[in-house]
Amino acid sequence: MTDVAVRLVGFGSPEGDDTPSQVLSKAAKRGASVRLATDSHDSELDHIDQGAIDWREYLEGTHWLVISASTSLAGDSARSAWGASMTFAELEGSKTVMIVDSPEDSERLTEVWGNTIERIRQIHVLFVTRGALSEISQLEGVTEQDLLQEIRQRGLVPHVCGFVEPNMVQVEHSLGSFKISTDASISEMSWLAGFICELPYSGVGPEGINSAAEAAGIAD
């Protein structure tokens with residue numbers, strides 16, 4: 001990776017126990033500059049004051065905004081801030097990474113997926129976790145093997161990816177599709193962190209995307 005640090009901003013639980021926080025932690029170990037966005041009171045998600053989040057200050061000069069679909073269920077304030085984060089990311093030139101994860105209440109998966117679909121055109125990298133992949137494939141009536149490609153084609157998301165088998169990640173992009181093996185020690189969030197840290201500097205075209213995916217799957 002280049003000597004210029006990739007900059008990431010995450011929005012999620014201030015306790016650091018959710019998927020955006022995991023990605024930030026893994027990215028920091030790779031040398032990225034990371035910040036977790038919150039309001040001026042460091043409020044919990046369900047009491048966050050959207051108007052007190054300075055999104056422009058957080059996102060200026062940032063490569064990636066990292067958020068999760070399940071954050072949209074944390075309350076009206078959290079959902080408003082979740083949506084605003086993507087809008088400001090577009091304005092500031094940051095690209096959104098959406099992690100589609102399974103909510104604690106599995107009965108609300110349809111709501112999580114619906115919230116994601118509403119924002120699909122604002123997403124640059126969509127990562128579907130293993131648990132969510134199985135559940136969404138049933139919702140959409142598409143096999144797990146075809147779901148990622150279906151999402152990319154229907155949503156026109158530049159990059160759609162996820163682990164389709166243990167230690168096997170599938171990446172769908174506008175120029176093609178591939179699967180690549182990862183080291184057994186690489187978790188889903190570790191791979192995603194590596195992928196978005198490598199992607200800005202891995203080169204253009206399919207070769208660059210493949211190179212970033214390969215590098216992300218190699219253990220330190």
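Inside the stretch 62-85, can you point out the residues that are buried (at least 19 other Cβ atoms within 10 Å of the Cβ) and either among the acidic types (Asp, Glu) or touching a strand residue (DSSP E or B) at 6+ places or on another chain (Cβ under 8 Å) (or both)?
Result: THR62, HIS63, TRP64, LEU65, VAL66, ILE67, SER68, ALA69, THR71, ALA81, TRP82, SER85.
State all residues of the stretch 95-122 that are at pLDDT below 95, among the hydroxyl-bearing types (Ser, Thr, Tyr) and outside any helix (DSSP H, G or I); if no residue qualifies, say none.
SER102
Checking ASP101 against (1) over 16 Å from GLY162 (Cβ atoms); (2) in contact with a strand residue (DSSP E or B) (Cβ under 8 Å, 6 or more places away or on another chain), only one condition comes out false. Which one?
Failing condition for ASP101: (1).
Taking GLU92, is it touching a Phe, Trp or Tyr at 6+ places or on another chain (Cβ under 8 Å) and either surrounded by fewer than 19 Cβ atoms within 10 Å (Cβ to Cβ) or small (Gly, Ala, Ser) (or both)?
Taking the combined requirement at face value, the residue satisfies it.
The values are calculated or read from the model by the stated rules, or taken from the named source; none is laboratory data. Since this is a predicted model, take the numbers as computed values, not measurements. A quick note on method: Cβ atoms are made from the backbone with ideal geometry, for glycine too, and the neighbour counts reach across all protein chains shown.
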